[in-house]
Amino acid sequence: MIKFSHIAKVYDNITPLKDVNGIIDDGEIVSIIGPSGTGKSTLLRMINGLVKPTSGDIYIDNIVVNDKNINIITKKVGMVFQSYNLFNHLNVIENLMIAQIEILKRDKQLAYEKSMKLLKEVGLESKENAEISELSGGEQQRIAFARTLAMDPEVLLLDEPTSALDPNSVDMMKALIVKIAKSGKTIVIVTHSMSLARDISDKIFFMDDGIIYEEGTPEEIFMRPKKPKTRSFINTQRTIEFKIDKSFDYNSAISQLIEFCKKRNIDMRRINKVMLVFEEVKLILFEKYEEPEIILKITFKNDETKLAVHYKGKQFDIRKTDNNISLKLIEGLSTKIEYTYDEDEEYQNEAMVEMRN
Ligand code: ADP
């Protein structure tokens with residue numbers, strides 16, 4: 001069990017945490033959400049002693065987190081950083097084995113077997129001898145995950161575990177986190193991804209005003225927030241994302257979209273308009289590419305709806321299509337169409353269409 005007791009953190013210019021109190025039970029997945037700068041990462045880092053509270057205490061299984069107990073704490077707690085922190089001069093299996101051998105004094109063969117088992121669990125056993133630089137961001141994230149798990153932590157801290165991942169890796173990461181929690185570990189996540197928090201957490205801490213402003217189940221926080229700042233925060237989260245490829249299920253996407261809008265009191269007419277535009281964009285892209293891979297992000301702002309369509313492949317501005325009918329329809333429904341190409345992105349093309357309500 002993790003217990004926060006009257007935690008405050010004061011920096012020279014800012015006091016992000018004023019009086020944080022809360023309990024995380026063994027085997028729970030808890031997501032910490034809230035506006036930027038409300039001290040979420042600070043609180044997460046306090047759990048493994050990386051940041052010290054100005055006042056108040058954190059307890060893990062009734063042991064207070066302080067310098068004197070730091071060895072016990074680092075044994076119990078593992079953290080996967082947003083930047084992964086993998087050793088680039090070591091290959092994958094060496095990255096997984098080194099701390100087991102050096103810190104836990106684990107026998108080399110045992111460390112190897114443990115590492116292989118975890119590589120399998122994260123779906124990367126074929127990368128045993130790969131160099132870190134050969135791996136994609138999603139793969140590096142999973143290796144960082146496996147490396148932390150190799151130390152057998154009881155508590156796992158995850159800082160923005162999906163922020164750099166493509167939608168496929170996000171799904172895999174979600175499944176992995178749930179599986180690890182089922183094995184009895186306690187997992188604490190700081191995330192900006194509302195879908196991650198909603199889909200996998202047992203409990204949500206919404207941080208604001210230097211405290212855990214509201215806590216509850218995902219259902220309570222996302223569907224029936226009680227306090228004004230929680231309500232307003234949840235309402236500003238107005239972007240929904242879909243991945244469109246061969247396995248795209250149009251009907252299920254539509255029902256998700258309708259549910260999303262219902263919860264936020266978004267007028268259903270806006271859905272029709274945005275789906276009309278999207279249908280035409282999709283048509284253009286399916287004519288252009290043999291097997292298009294598209295990510296669609298829809299943002300409902302107060303007075304306009306924004307449709308960002310990211311797609312893989314050769315540079316292609318949808319405004320240059322031969323399909324004049326589709327283009328005319330899109331132009332008729334929108335106030336602005338923009339296009340950008342960035343070859344360093346996985347989805348290199350982005351078309352942005354804005355619509356007035
Ligand atoms: P969040 O994760 O909710 O975005 P953080 O915990 O990263 O918030 O930061 C909370 C506030 O504390 C921010 O305003 C940040 O600039 C400030 N802060 C974080 N670390 C330090 C530091 N070492 N020194 C001074 N200010 C800091």
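Over region 1-80, what relative contact order in percent results from Cα pairs under 8 Å that are six or more residues apart? Please list the in-between numbers first.
Working: 117 pairs, mean separation 26.6, N = 80.
Relative contact order here is 33 percent.
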Using only the alpha carbons of region 239-356, determine the length spanned along each of the three principal axes and report them from longest to shortest in whole angstroms. 38, 30, 26
Accessible-area value, ARG356, 1.4 Å probe, nucleic acids and ligands omitted, Å²: 120 Å²
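Going through the cross-link list LYS246/LYS336; LYS18/LYS297; LYS40/LYS76; LYS203/LYS301; LYS246/LYS314; LYS120/LYS179, which pairs have a Cα-Cα distance over 25 Å in this structure?
On the way: LYS246/LYS336 29 Å; LYS18/LYS297 36 Å; LYS40/LYS76 21 Å; LYS203/LYS301 28 Å; LYS246/LYS314 19 Å; LYS120/LYS179 13 Å.
Pairs exceeding the cut-off: LYS246/LYS336; LYS18/LYS297; LYS203/LYS301.
Over region 239-356, what relative contact order in percent results from Cα pairs under 8 Å that are six or more residues apart? Show your work: numbers first, answer last.
Details: 176 pairs, mean separation 31.1, N = 118.
Relative CO of region 239-356 lands at 26 percent.
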Taking the chain as the reference, fit the longest principal axis to its C-alpha atoms, fit the long axis of helix 268-288 to the helix C-alpha atoms, and give the angle between the two in degrees, 0 to 90, nearest 10. 80 degrees
Extension reserve of the THR54-GLU338 stretch, reckoned as 0.36 nm per residue once the Cα distance is removed: 97.4 nm
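In square nanometres, what is one fourth of the surface area of the convex hull spanned by the alpha carbons of region 167-297?
Computed as one quarter of the Cα hull surface, the answer is 9.5 nm².
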Accessible heavy-atom area order of ILE325, ILE298, highest first, probe of 1.4 Å: ILE325, ILE298
Among ASP152, ASP166, ASP344, which one moves the most in a GNM of the chain with springs linking Cα atoms closer than 10 Å? ASP344
Where the centroid of each part is defined by its Cα atoms, how far is region 261-292 from region 14-74 in Å? 43 Å
Kirkwood Rh, region 2-236, all Cα pairs: how many Å? 18.4 Å
Debye, to nearest 20: dipole size of region 249-357, +1 on Lys, Arg Cβ, -1 on Asp, Glu Cβ: 720 debye
Kindly express, to the nearest 10 degrees and within the range 0 to 90, the angle between helix 324-333's C-alpha long axis and the longest C-alpha principal axis of the chain. 70 degrees
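Rank these residues by their accessible area, most exposed first, probe 1.4 Å: TYR59, TYR339. Could you put the intermediate results ahead of the total?
Details: TYR59 65, TYR339 40 Å².
So, going from the largest accessible area down, we get TYR59, TYR339.
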Let me have the relative contact order for the chain, percent, based on Cα pairs under 8 Å that are six or more residues apart. 15 percent
Rounded to the nearest 10, the angle in degrees between the Cα long axis of helix 167-182 and the longest principal axis of the Cα atoms of the chain comes to 30 degrees
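The values are calculated or read from the model by the stated rules, or taken from the named source; none is laboratory data. This is a predicted model, so every value here is computed, not measured. Glycine gets a Cβ as well: all are built from the backbone with ideal geometry, and neighbour counts include every protein chain shown. Quick note on the areas: whole protein, heavy atoms, side chains included, nothing else; ligands and nucleic acids left out. Shrake-Rupley method; radii C 1.70, N 1.55, O 1.52, S 1.80 Å.
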